[in-house]
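Asks: Encoded as structure tokens, here's the structure I'll be asking about.
The values are calculated or read from the model by the stated rules, or taken from the named source; none is laboratory data. Remember, it's a predicted structure, so these values are computed and weren't measured experimentally. A quick note on method: Cβ atoms are made from the backbone with ideal geometry, for glycine too, and the neighbour counts reach across all protein chains shown.
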Amino acid sequence: MQVLLYTAVFLYLKESACEEPKDKCPTRCDVSTCPSPSCPSGYVPDRCNCCLVCAQGEREPCGRKDDLPCGDGLECKQPAGKRLSKGFCRCRFSAEVCGSDGKTYGNVCQLKATSRKALQQGLPGVTQVQKGPCESSTGTIYALVASFSKPDSLKKGVHGT
């Protein structure tokens, strides 16, 4: 009985290993046919090693046979004890960072994704200014803007106006 079971499992595994892939890779790579995606999480080679495609971003699925790898600075985190189950991409570094745009990002991966999006739109990229959240300077900026917005001579009440 066990021999029959082992034989059946062996034949099933052998057959599934010999199956043709869903889409065959071309014999010769023509990069002119490759798409030009905008990828905030970075690029990875496609399964044929011909074109670059978008890597999985933060909180996107990973770890299964047909899943693409996680992007730059991300790792596939799978449930404890379930190595072959679906995981999710997460940033290797979980600390908050302050960007050159004055915004606090949950981690450096979020900052990099924002920077890539900006660069792809022709805007300046965002760089990390410091580890940790941006210092709150709203009050200081508001006070400076308020003091430079109108000269004292134009403010209501000065010179009886």
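Asks: Does any residue of region 68-81 turn out to be of a type in the set (Gly, Ala, Ser), under 30 Å from Ser136 (Cβ atoms) and at pLDDT 90 or above?
Replies: yes
Asks: Is there a residue in region 75-89 that is in a loop (DSSP other than H, G, I, E, B), of a type in the set (S, T, N, Q) and under 18 Å from the mean Cα position of the chain (by Cα)?
Replies: Yes - at least one qualifying residue is present in region 75-89.
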